1. Could you count how many residues in the range 249-280 are over 34 Å from the mean Cα position of the chain (by Cα), assigned to a strand (DSSP E or B) and farther than 20 Å from T171 by Cβ?
2. Search the range 65-88 for residues being surrounded by 16 or more Cβ atoms within 10 Å (Cβ to Cβ) and over 18 Å from the mean Cα position of the chain (by Cα), and hand back the single one that is nearest to Q157 (Cα to Cα).
3. If I ask for residues that are of a type in the set (D, E), touching a residue at least 24 places away in the same chain (Cβ under 8 Å) and either crowded, with 19+ Cβ neighbours inside 10 Å or out of contact with any helix residue (DSSP H, G or I) (no Cβ under 9 Å at 6 or more places or on another chain) (or both), which ones from the range 262-294 would you list?
4. Pairs only if they're at least six apart or on different chains, beta carbon under 7 angstrom, first in the range 301-312 and farther than 17 Å from A147 by Cα, second surrounded by 11 or more Cβ atoms within 10 Å (Cβ to Cβ) and of a type in the set (D, E, K, R); list them, first residue then second.
5. Can you pull out every residue in the range 335-354 that is farther than 13 Å from L25 by Cβ and of a type outside the set (F, W, Y)?
6. Out of all the residues in the range 474-515, which are assigned to a loop (DSSP other than H, G, I, E, B), farther than 30 Å from S68 by Cα and either modelled with pLDDT under 95 or open to solvent by 20 Å² or more (accessible area, probe 1.4 Å) (or both)?
7. If you take the residues of the range 100-137 that are under 14 Å from L39 (Cα atoms) and of a type outside the set (A, V, I, L, M), which of them is least open to solvent (accessible area, probe 1.4 Å)?
8. Let me spell it out: the conditions are (1) open to solvent by less than 20 Å² (accessible area, probe 1.4 Å); (2) without any contact (Cβ under 8 Å) to a residue 24 or more places away in the chain, and E168 meets all of them except one. Which number is the exception?
Amino acid sequence: MTDIHPVQGRHRYLIVGAGPAGLQLSYYLQQRGCDYLTLEREAAPAAFFRQFPRHRRLISINKVHTTSTDPEIRLRWDWNSLLHEPADLPFPKYSGEYFPHADDIVRYLEDFAVHHDLRVRYGTDVTRVDRDGDGFLVHTGQGTYAAECVIMASGWQRPNVPQIKGIEHVTGYESMETDPAHYANQRVLILGKGNSAFETASSMLGHAAMIHLASPRPLRLSWNTKHPGDVRGHHGAVLDSYQFKTLHSVLDCTIDEIRPLDNGNLEVHLTYTHADGETAVMEYESVLRCTGFAMDTSVFGADCRPDLVASGRMPTTRPDWQSTNVDGLYFAGTLAQDRDFKKASSAFIDGFRYNLRTLTALLVERYEQTPLPHDAVAADPTVLTDLVLDRINWSSALWTQFEFLVDALVVDQETGQVRHYVDLPEDYAVSRFADEPHFYTFGLRWGRDEYGDVFAIERHPQPDRASESAFIHPVVRRYRGTTRVEELHLLEDLLAEWRRPERHVDPLREFFTTQLPRA
């Protein structure tokens, strides 16, 4: 195959896409001295953020003013900075707004690429990816590149279009008119009930005569789910308008058909989800599709086309972010979220920046034979208690990637030492240490009970009831191989400072005293 397609360049790693994920991974591979090249079809980085979100206001938090001066702690509330050392180019230098303008992230990513002199080849559109022995051939309009490993960091490449009869008559989020005056006195139907749908509804709230947001499933609010990708509280005015009888509505329904009318309007046939099969026919001046995005797999040859999740929107990945069916093909950024979908923050910069730091360590272990780094500490209850609490109280990775990234403590009963690994996906840690008879993971978790009112939760501040904590709190798990044999929750804390002797230190020390093997 390489004789048929002359190779312009050979690299160990080829990254496709120079958005925030591609730039973050480029930075880490460059710091490790790796042979990599990043290909970007546009003339500059951050192509997605040049167009989206359409109303130009990010939902990622930029909390500039905090009580901490520690750069690591501050990253907990800086959802836009890429990781780098020294941290001399933080995003808050570009915006002081809590919800920044999208143009600010574009400027930031442009400067990040230049500041670190990243090896990005712009204006290079990937047209096809083929297998070449154990590696890959990546074809572009400017030539063909060979690589041992390909990492797709290209982000969403196409709109997610639901299978609805007549959907071709609907205007997509990617091309709709954003001037709210365009919708003055109109009846508007928005397909979707995610943040792009609510962003759109919020923009026209004072102009449209009637706004309906529709999807088959009930609305998911981030303050209930703890997931930043669900509908955020700052769109509350739309929900207010629904409850206060303004004729704006949030509908749980299936859209059966959309028909164009002679007057230019659209007739929408729908079936309500929770109304004993009730149907309705509604007329709207505008119908807008705000149903998200999906991955485009058309560039992959038949011998390396990745499997997708059931919805077809993203690839399935192994615990190391590698394709489940194509060896050597990895995914980075928003494409690599299926393992913690709708749970942690792998779809967002503040989450995948940590995933990519770990992915780099896994890549150089596989391709450069560099062992996964770890520290060794004594298998002593006091030592391990201090280590766990120090990490929990400081790490921004464990904070942001709650319920996904953990640290692992692997006990070596022969040496009396414990190997400490940081920032691993928990399912990866369990599979990697499956042959170990005694190891722990620790990280942060939320309470996951169903609460009638998340703002009126009955709390039980006794250490032996810590598993009922509703707020984010530390959890330590002991494994024997792949079997979880014990679990300890530590009480939640309003200031996220887990240092109190009776609530945190003593229970954790007692846990290790009981669980550790005796000499």
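1. Adding up the residues that qualify gives 2.
2. This residue is H84.
3. Within the range 262-294, just E283 meets the criteria.
4. As it stands, the answer is V309/D338, since those pairs meet every condition given.
5. If the condition is that a residue be farther than 13 Å from L25 by Cβ and of a type outside the set (F, W, Y), then Q337, D338, R339, D340, K342, K343, A344, S345, S346, A347, D350, G351 are the ones that fit.
6. T482
7. This residue is T124.
8. Every listed condition holds for E168 apart from (1).
The values are calculated or read from the model by the stated rules, or taken from the named source; none is laboratory data. In this text the structure is predicted, and so the values were computed from the model without any measurement. With ideal geometry, Cβ positions are generated from the backbone for all residues, glycine too; neighbour counts draw on all protein chains shown. Surface areas here come from the heavy atoms of the whole protein model, side chains and all, with no ligands, DNA or RNA. Shrake-Rupley method; radii C 1.70, N 1.55, O 1.52, S 1.80 Å.
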